[in-house]
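Rule-based calculations on the coordinates, nothing more; no lab input. Treat the numbers as computed from the prediction; the structure is a model and nothing was measured. Here the Cβ positions follow ideal geometry from the backbone for every residue, glycine too, while neighbour counts run over all protein chains shown.
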Amino acid sequence: MPKIDYQKLEKQLSFEKRNCWETWDEKETKKAMDFSEGYKKFLNEAKTEREAVVTGVKMAEQNGFKNLNSYKKLKAGDKVYSVNENRNLILAIIGKKFLHDGFKLIMSHIDVPHLDLKVNPLYEDENIAFFKSHYYGGIKKYHWPTIPLSLHGVVVLANGEKIEIKIGEKESDPVFMITDLLPHLAKQQAKKTLDEAISGEELNILVGSLPVKDEKIKGKVKLAVLKYLHDEYGMTAEDFFSADLQVAPNSKARDLGFDRAMIAAYGQDDRVCAYTSMAALFESKTSDQTQICLWVDREEIGSEGNTGAQSIFIENFVGDLLELTSGKSSMREVFKIFAKSHGLSSDVTAGLDPDYKSVHDPMNVAKLGYGVAIEKFTGHRGKSSTSEASAEYVQKIRKILNNNDVIWQTAGLGKVDEGGGGTIAMYMAKRNMNIIDIGVALFNMHAPMEISSKADVYSAYLAYKAFYKE
């Protein structure tokens, strides 16, 4: 009986995560570092959902995509986009077989945890003016005091004029801030849990302190702020009710570490996957199947509303493509097309932070720098609210990545009883579509500054490009 080479056998049978930096040569490493420069620029320009869509449309048009409304008929190779309610962007490259064999979809979300202004936000207390806020998504409230904030959004005036506002991003702009209690007087505050230390009603944003000079006016500073908003933007207090205004950290995306191999930035969940999936589509050639890149809104609060993944704007877009390629369309045909289609839910996952190992299963967690992360299923504890890809579909994705030499790793969101989380995959699965989660691992998820590895960002781009190609 021949002697068994167990080292060779272990290499053949085992599955080990591979570190991208240790695997790539200098040329590939440089590509990864260079790729992130465009990504950082995108993050700096897209602090809100609306800004992401505006930036995405500009990028799409620079890469030959045209508004779907400009077409009366579509042919193979046409590059189209459509915008829904200023918060969704869908791009498609029409395939040679149009939609007969379904389509290939990569879907990500462009909303991020942030602070919205309340509909009646402005008030004055002790001669200081504040905006009241309402947090959006799963934030740790104690993250938000004492950091400089910028104001973004639109206001629709009583006469219908839409005004865009962006204050705090330029060096010459003022910034805004939520205050906190000095440690000398924080004895009682320090006894509270982290979740209770700062309440939602205490996330009030300091916006002014200079009063108007009129003793008959009670709210002198409040009126001064209103006067500024009216002089600059034509606003009155009532116009806040027809406004979409939010605050974001005014920090820029920055390289992290002596080696510059990581990125610290706001909004990487999930704009990292939005950017990389769009960049992959830009590099794609016309294939048999139509290729679609979809950016959705409202994922952080359950994908509700007419801009979330549960909205039928997705079906409407596919129906429009069907009509412009075949001359006819019906919802029955649209749903049959979904059933023949394949998709990726490109969303982020938790990376194994050495300081917080206890919440993870080390065998089933993504590591920063080890490539794009694939999650077979998401959900909570006993797989509640789970979208789980079939064994057959997982094999299909594995094969695509392996055939294209993409470094990838398996992932899961924490130990079974620690919590969990869901993604937009479940909503496409409800449309009878094969779909799986594949994205980038992060540290500091949902914090004002999240951390990614440039290796994983580039690996995600390569994975999405391979998916479109196969």
Task: P(r) histogram, all alpha-carbon pairs of the stretch 114-249 included - 5 Å bins from 0, percent - done: 2, 10, 17, 22, 19, 15, 8, 5, 2, 0, 0
TODO: Using the charge dipole of the stretch 225-269 (Lys, Arg: +1 at Cβ; Asp, Glu: -1 at Cβ; taken about the Cα centre), state which of T236, L256, L226 has its Cα farthest towards the positive end.
DONE: L256
Open item on the list: Bins of 5 Å, beginning at zero and ending with the bin holding the largest distance: percent of Cα pairs per bin for the stretch 276-340, please.
Closed with: 4, 15, 20, 20, 23, 14, 5, 1
Task: Efficiency of FRET between N403 and V154 - r from beta-carbon atoms, R0 41 angstrom, step 0.05 - done: 0.35
Task: Cβ charges +1 (Lys, Arg) and -1 (Asp, Glu), total dipole of the stretch 248-377, debye - done: 260 debye
TODO: Can you pull the one-decimal nm distance between simple spin-label points at K357 and L206, each 7 Å off the Cα toward Cβ?
DONE: 4.1 nm
- [ ] Any chance you could give the angle, 0 to 90 degrees and rounded to 10, that helix 49-62 forms with the longest Cα principal axis of the chain?
- [x] 50 degrees
TODO: Along each of the three principal axes of the Cα atoms of the stretch 3-57, give the extent in whole Å, ordering the values from largest to smallest.
DONE: 64, 24, 15
Task: Efficiency of FRET from Cβ geometry, H446 and I312, R₀ 22 Å, rounded to 0.05 - done: 0.15
Open item on the list: Testing the spin-label approximation: label points 7 Å from Cα along Cα→Cβ at K58 and A190. State their distance in nm.
Closed with: 4.7 nm
Open item on the list: If you take Kirkwood radius over Cα pairs in Å from the coordinates, which of (1) 25.1; (2) 24.0; (3) 26.4 do you get?
Closed with: (2)
TODO: Please list, or write none, the aspartates and glutamates whose alpha carbon is within less than 18 Å of the alpha carbon of K191, excluding same-chain residues fewer than 8 places away.
DONE: D180, E202
- [ ] Using the charge dipole of the chain (Lys, Arg: +1 at Cβ; Asp, Glu: -1 at Cβ; taken about the Cα centre), state which of V83, A52, Y461 has its Cα farthest towards the positive end.
- [x] Y461
- [ ] Sort the following peptides by mean Cβ neighbour count (other Cβ atoms within 10 Å, averaged over residues), highest first: 449-457, 128-136.
- [x] 449-457, 128-136
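Please give the net charge around I400, taking every other residue with its beta carbon less than 9 angstrom from that of I400, where Lys and Arg add +1 and Asp and Glu add -1. Walk me through the intermediate numbers first.
On the way: positive: K396, R398, K399, K469; negative: E470.
That works out to +3.
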TODO: Could you go through the stretch 301-312 in sequence order and give the Karplus-derived ³J(HN,Hα) for each residue, using 6.51 cos²θ - 1.76 cosθ + 1.60 with θ = phi - 60°, rounded to whole Hz, and x for Gly and Pro?
DONE: 10, x, 6, 7, x, 7, 10, x, 5, 7, 6, 7
Task: Share, in percent, of DSSP beta bridges within the chain that are antiparallel, nearest 5 - done: 70 percent
Task: Cβ-Cβ FRET estimate between V416 and Y136, R0 fixed at 45 Å, reported to 0.05 - done: 0.95
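The stretch 136-171: which trypsin sites (Lys or Arg not before Pro) are DSSP loop and have at most 16 other beta-carbon atoms within 10 angstrom?
Those satisfying the criteria are K140, K170.
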Open item on the list: Please compare each pair in K118/K216; K118/K227; K58/K132; K340/K465; K336/K430; K96/K430 to a cut-off of 22 Å on the Cα-Cα distance and tell me which ones are over it.
Closed with: K118/K216; K58/K132; K96/K430
Task: Rg in Å to one decimal, and Dmax rounded to a whole Å, for the stretch 369-413 via C-alpha atoms - done: 11.9, 35
Open item on the list: Test of the criteria: in the stretch 44-123, which GluC sites (Glu not before Pro) are in a DSSP loop and have at most 14 other Cβ atoms within 10 angstrom of their Cβ?
Closed with: E85
- [ ] Divide by every residue of the chain the summed helix terms, -39500 (n - 2.57) for each DSSP H run of at least 4, and state the resulting mean residue ellipticity at 222 nm, rounded to the nearest 500 deg cm²/dmol.
- [x] -9000 deg cm²/dmol
